[in-house]
1. Could you list, in sequence order, the residues of the range 33-44 that are touching a residue at least 12 places away in the same chain (Cβ under 8 Å) and assigned to a loop (DSSP other than H, G, I, E, B)?
2. One residue is enough: does the range 116-128 have a residue meeting the conditions in a loop (DSSP other than H, G, I, E, B) and either farther than 27 Å from residue 167 by Cβ or in contact with a helix residue (DSSP H, G or I) (Cβ under 9 Å, 6 or more places away or on another chain) (or both)?
3. Any residue at all in the range 114-134 that is in contact with a strand residue (DSSP E or B) (Cβ under 7 Å, 6 or more places away or on another chain), under 22 Å from residue 178 (Cα atoms) and surrounded by fewer than 17 Cβ atoms within 10 Å (Cβ to Cβ)?
4. Within the range 1-29, which residues are exposed (fewer than 11 other Cβ atoms within 10 Å of the Cβ), at pLDDT 60 or above and not in a loop (DSSP other than H, G, I, E, B)?
5. Check off (1) touching a residue at least 12 places away in the same chain (Cβ under 8 Å); (2) farther than 13 Å from residue 29 by Cβ; (3) in a helix (DSSP H, G or I) for residue 47 and give me the number that stays unchecked.
6. Would you call residue 73 surrounded by 15 or more Cβ atoms within 10 Å (Cβ to Cβ), part of a loop (DSSP other than H, G, I, E, B) and touching a helix residue (DSSP H, G or I) at 6+ places or on another chain (Cβ under 7 Å)?
7. If you take the residues in the range 135-150 that are touching a strand residue (DSSP E or B) at 6+ places or on another chain (Cβ under 8 Å) and more than 23 Å from residue 186 (Cα to Cα), which one is surrounded by the most Cβ atoms within 10 Å (Cβ to Cβ)?
8. Test each condition in (1) surrounded by 11 or more Cβ atoms within 10 Å (Cβ to Cβ); (2) part of a helix (DSSP H, G or I); (3) in contact with a strand residue (DSSP E or B) (Cβ under 9 Å, 6 or more places away or on another chain) for residue 111 and report the one that comes out false.
């Protein structure tokens with residue numbers, strides 16, 4: 001027995017003990033419904049008692065897997081369970097790979113940024129938005145320049161106006177500490 005800090009009650013401590021991973025689908029004898037709708041290859045689609053459906057699957061050397069437990073009666077498929085799990089994992093991986101990853105690019109201004117620098121940074125922001133990245137534009141107030149908060153806000157609103165055709169403002173200028181920032185997201189492409 002081991003006693004853990006903060007807990008006076010001893011608990012058994014077993015080295016190398018693994019947690020039991022619960023299966024996401026009910027298989028064969030774990031299916032609780034008395035009657036199930038059976039689908040699969042070489043199977044007549046119909047409603048059978050669960051024990052008969054399991055016997056049909058075992059006769060083919062396969063498993064009975066509960067696919068839709070909320071249906072009335074639950075739908076089960078006669079399939080090789082390990083192959084089925086592999087296919088499900090593969091589908092999940094594919095979905096994850098196809099999910100769009102959002103890239104965030106930052107553009108920094110000072111409260112006294114002149115027109116040439118401003119235009120230069122707008123061009124960069126346009127390129128970022130064309131690539132599908134979000135742009136976080138911020139004005140950094142160094143030292144006593146914090147007294148020019150309204151200049152920073154005007155600069156960011158002017159920036160948003162310059163990017164009106166390419167992107168939409170997700171978050172209006174907001175002051176946090178010594179930075180005032182604004183988020184611009186790309187507009188969806190029309191196909």
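The values are calculated or read from the model by the stated rules, or taken from the named source; none is laboratory data. Source: prediction; values computed, not measured. Please note: Cβ atoms are built from the backbone with ideal geometry, for glycine as well, and neighbour counts cover all protein chains shown.
1. Selection gives 33, 34, 41, 42, 43.
2. No, every residue in the range 116-128 fails to be in a loop (DSSP other than H, G, I, E, B) and either farther than 27 Å from residue 167 by Cβ or in contact with a helix residue (DSSP H, G or I) (Cβ under 9 Å, 6 or more places away or on another chain) (or both).
3. No, the range 114-134 contains no residue that is in contact with a strand residue (DSSP E or B) (Cβ under 7 Å, 6 or more places away or on another chain), under 22 Å from residue 178 (Cα atoms) and surrounded by fewer than 17 Cβ atoms within 10 Å (Cβ to Cβ).
4. Residue satisfying the conditions is 29 alone.
5. That leaves (3) as the condition not met.
6. No: the conditions fail for residue 73.
7. Looking at residues that are touching a strand residue (DSSP E or B) at 6+ places or on another chain (Cβ under 8 Å) and more than 23 Å from residue 186 (Cα to Cα), I get 141.
8. (2)
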